[in-house]
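Here the structure comes first, spelled out in C-alpha cells, and everything after it is commentary.
The values are calculated or read from the model by the stated rules, or taken from the named source; none is laboratory data. This one's a predicted model, so the numbers in the text were calculated from it and none came from an experiment. Here the Cβ positions follow ideal geometry from the backbone for every residue, glycine too, while neighbour counts run over all protein chains shown.
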Amino acid sequence: MGFGRNPYVAKAEAAEQKASAARDDGAREQAWREAGRQWERAADRETDDRRRQEYTGKAEAARATADGDPVEEPN
C-alpha cells in the first residue's frame, strides 16, 4: 500500500468479489452490506469530489443490492 492511497477502496472491491462468489443468500447479503460500509468509508476519506461521489454511489448500489433491488451504476 503506497502513501496517499485510499485503503478502503481495495477492501470494498474485495467485499464485492466475496459477495459475487457467495453461495447462499445470507452470506451474499452480508458481503454486499460490508461492501457498502467500505465504500462509505472510502468516500469519507476521499478528498477529490468526483471520486467521493463515485464511491458514495457505489455504497448506495451495494446496499440496494443487499436489499434485493440491484441498481444500475452509471459509467
field: Selection within the range 47-66 - crowded, with 19+ Cβ neighbours inside 10 Å and touching a Gly at 6+ places or on another chain (Cβ under 7 Å)
entry: Ala59, Ala62, Ala66
field: the range 1-46: number of residues that are under 9 Å from the mean Cα position of the chain (by Cα) and either among the polar types (S, T, N, Q) or loosely packed, with under 14 Cβ neighbours inside 10 Å (or both)
entry: 1
- prompt: Taking the condition assigned to a helix (DSSP H, G or I) and either touching a helix residue (DSSP H, G or I) at 6+ places or on another chain (Cβ under 8 Å) or at pLDDT below 95 (or both), does Gly36 pass?
  reply: yes
